[in-house]
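This report concerns only the one structure given below.
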Amino acid sequence: MLSIKKLISLKKRSQFMLSHIPIDDPLDIVSREYVSETGLTKSDIIDKIDKIKSCCSVVELQASYNTIDEHTSEQVLQVSNANFCKQHAVCPVCADRSQNRRRARYNEPIKEQASRVREGQRYAYIVTYTVTDGNSLSERLRHLKQSRLAWRKMGQKRKDKRSNGEAAKIKAGLSTIEIKRGRDSGLWHVHAHELLFTDKQLDYQVYDPEIKKELYKKFGSTIPKDMLTAAAMETAEFQGEQVAISKISKEWLIATSGDSISISVEPLQHVPRNASPKRKRKLSLMSFEQSIAFQAKEVLKYITDPVDNSPDDMLEIITDTYNKRMVATYGEFRGVPGDDYEIQNKEDSENYVVVWDQGNDDYKSPVPGRYKDFAQEETDTRKEVAKLLGQYRRERRAIILQNGIQGIAHQLDMLKLSFKENVNKIWQFYRNKVRRERNSQGCDNYNPVLAMQELYIQATSEELWTAAFS
């Protein structure tokens, strides 16, 4: 879970990031008729930015206690629920939340695979796929996804046998796309990290190890280029010259249609040789399974570091990653249950609610209570809203497929307005019903913070409040 201290820090980073948008005003040049390649209108983008602004404005905290010594314990408040914006590509809070939840979900499945590696049944790798930097984020994302699909197809089954592509060896895979600006080029640098478990070793050797060893003895680190090329397992033409290449790099070159040979393969070991002394000490204290799971964190990190992005980049990321899968699983990692915003509440825990104070750039004092206390009526209400959302998305998709993205901004905005009105009607009906029930039972024991959010739920007693915060 996310601690309240870290949440405050991330929320402040989010506010700092958003404060630059009115100054730079990147939406000023976007016309009302604009529709992105992914089908977002200008009003959609504004709505998404507003969601980031209100992200975690109401947060439920779950109390736990850490024992310091025989007579002292410390209360720790951790986030158990909140109104997350779920814009994890650009929101610091949701990026951290989804990263932590993803690591928790896949921790045990990764350890299970790692135990098979330890027993000699599997091999573990972190593979990084890179394409050439480019001006258009949307085009580079599309190219990376298509190239990875083409590479995987090289290892698919063909009639009664598999092809000889390296992807045929994969038994479990977990992949995350990462986006940033190239350090030297300043263009969009898009790449994917994958944690792979295979039943056979991947073929990533570029040079014949015996020949290279002899050349190194003779020349040291200054081996002549022509002699090094002669020691290559394979060569291929890339950017006008013959280059040394491994089997897996050659496949990647074909998959990217000649765009890139940059596919890095790092075999995972209990304690990597090239690790820093501090990291070696840390990993050596872990079991083999724990070490592999720890090293796999590289694959399960942020899609992008939100604070590094300018307002213009932020808008491009919002529009170009909309409705696109940035995290994927395949093989034996498919079907791992849970999601990146899974709620983990203990029924008998002490819970409090805090509300963000925009003026003071901090959260107000905690109030006893829960963010949501699901009644059956609320569950049914959410199901009805989910049905409307599904219908809205289908109608929106149909409009884009039928008309393309030119001249449909007004039509999409009107459809969204109608959807919002219908959702508001459903929730207003529910709130009126709850309000009537609360009024008939008396309102002495209710949560004023959540009442301001129109969430009428039972609150913890005043005695608990006094005991916890006096």
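Below, the figures for the structure above:
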read-out: Pair list, Cβ under 7 Å, 6 or more apart: region 257-279 residue in contact (Cβ under 8 Å) with a residue 60 or more places away in the chain and surrounded by 15 or more Cβ atoms within 10 Å (Cβ to Cβ), other residue part of a loop (DSSP other than H, G, I, E, B) and of a type outside the set (Phe, Trp, Tyr); value: 259/131; 259/132; 260/131; 260/132; 265/202
read-out: Of all residues making up region 171-214, the number that are farther than 23 Å from residue 333 by Cα, part of a loop (DSSP other than H, G, I, E, B) and hydrophobic (A, V, I, L, M, F, W, C); value: 2
read-out: Residue match in region 431-438 (condition: modelled with pLDDT of 85 or more, within 25 Å of residue 56 (Cβ to Cβ) and of a type outside the set (D, E, K, R)); value: no
read-out: Close pairs (8 angstrom Cβ cut-off, 6 or more residues apart or separate chains): in contact (Cβ under 8 Å) with a residue 40 or more places away in the chain and under 13 Å from residue 33 (Cα atoms) in region 409-421, assigned to a helix (DSSP H, G or I) and among the small types (Gly, Ala, Ser) anywhere; value: 413/43
read-out: Any chance residue 59 is at pLDDT 85 or above and within 27 Å of residue 152 (Cα to Cα); value: no
read-out: Which listed residue is assigned to a helix (DSSP H, G or I), under 25 Å from residue 177 (Cβ atoms), hydrophobic (A, V, I, L, M, F, W, C) and in contact (Cβ under 8 Å) with a residue 24 or more places away in the chain, from 45, 8; value: 45
read-out: Selection count where residues are open to solvent by less than 10 Å² (accessible area, probe 1.4 Å) and part of a loop (DSSP other than H, G, I, E, B), scope region 286-317; value: 4
read-out: Any hit, region 103-110, residues being in a helix (DSSP H, G or I), under 30 Å from residue 124 (Cα atoms), in contact with a helix residue (DSSP H, G or I) (Cβ under 6 Å, 6 or more places away or on another chain) and of a type in the set (A, V, I, L, M, F, W, C); value: yes
read-out: Counted residues, region 215-236 - those being touching a Leu at 6+ places or on another chain (Cβ under 9 Å) and part of a strand (DSSP E or B); value: 1
read-out: Residue within region 114-128 that is over 26 Å from residue 291 (Cβ atoms) and either free of Cβ contacts under 8 Å to residues at least 12 places away in the same chain or of a type in the set (Ser, Thr, Tyr) (or both) present; value: no
read-out: Unmet requirement for residue 116, which otherwise passes all of (1) assigned to a helix (DSSP H, G or I); (2) under 21 Å from the mean Cα position of the chain (by Cα); value: (2)
read-out: Near pairs, Cβ below 6 angstrom, 6+ apart or cross-chain, from region 211-240 (without any contact (Cβ under 8 Å) to a residue 40 or more places away in the chain and aliphatic (A, V, I, L, M)) to any residue that is open to solvent by 40 Å² or more (accessible area, probe 1.4 Å) and assigned to a loop (DSSP other than H, G, I, E, B); value: 231/208; 233/205
read-out: Check on residue 248, buried (at least 20 other Cβ atoms within 10 Å of the Cβ) and β-branched (Val, Ile, Thr); value: yes
read-out: Number of the exception - residue 168 against (1) open to solvent by less than 10 Å² (accessible area, probe 1.4 Å); (2) without any contact (Cβ under 8 Å) to a residue 60 or more places away in the chain; (3) within 14 Å of residue 331 (Cβ to Cβ); value: (1)
read-out: Residue under evaluation residue 98, criteria (1) open to solvent by less than 10 Å² (accessible area, probe 1.4 Å); (2) in contact with a Leu (Cβ under 9 Å, 6 or more places away or on another chain), criterion not met; value: (2)
read-out: Some residue of region 41-50 being open to solvent by less than 30 Å² (accessible area, probe 1.4 Å) and under 30 Å from residue 366 (Cβ atoms); value: yes
read-out: Single match in 87, 113 (criterion: crowded, with 17+ Cβ neighbours inside 10 Å, modelled with pLDDT of 90 or more and not charged (D, E, K, R)); value: 113
read-out: Single condition residue 233 does not satisfy, out of (1) open to solvent by less than 90 Å² (accessible area, probe 1.4 Å); (2) aliphatic (A, V, I, L, M); (3) more than 24 Å from residue 295 (Cβ to Cβ); value: (1)
read-out: Pairs where the first residue, in region 173-188, is closer than 15 Å to residue 145 by Cβ and open to solvent by 10 Å² or more (accessible area, probe 1.4 Å) and the second is in a loop (DSSP other than H, G, I, E, B) and not aliphatic (A, V, I, L, M), C-beta under 9 Å, 6+ apart; value: 178/301; 178/302; 178/304
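The values are calculated or read from the model by the stated rules, or taken from the named source; none is laboratory data. All values reported here derive from a predicted model rather than from experimental measurement. For neighbour counting, all protein chains shown are included, and Cβ atoms are generated from backbone atoms with ideal geometry for every residue, glycine included. Remember, those area values only see protein heavy atoms, side chains included, never the ligands or the DNA or RNA. Shrake-Rupley method; radii C 1.70, N 1.55, O 1.52, S 1.80 Å.
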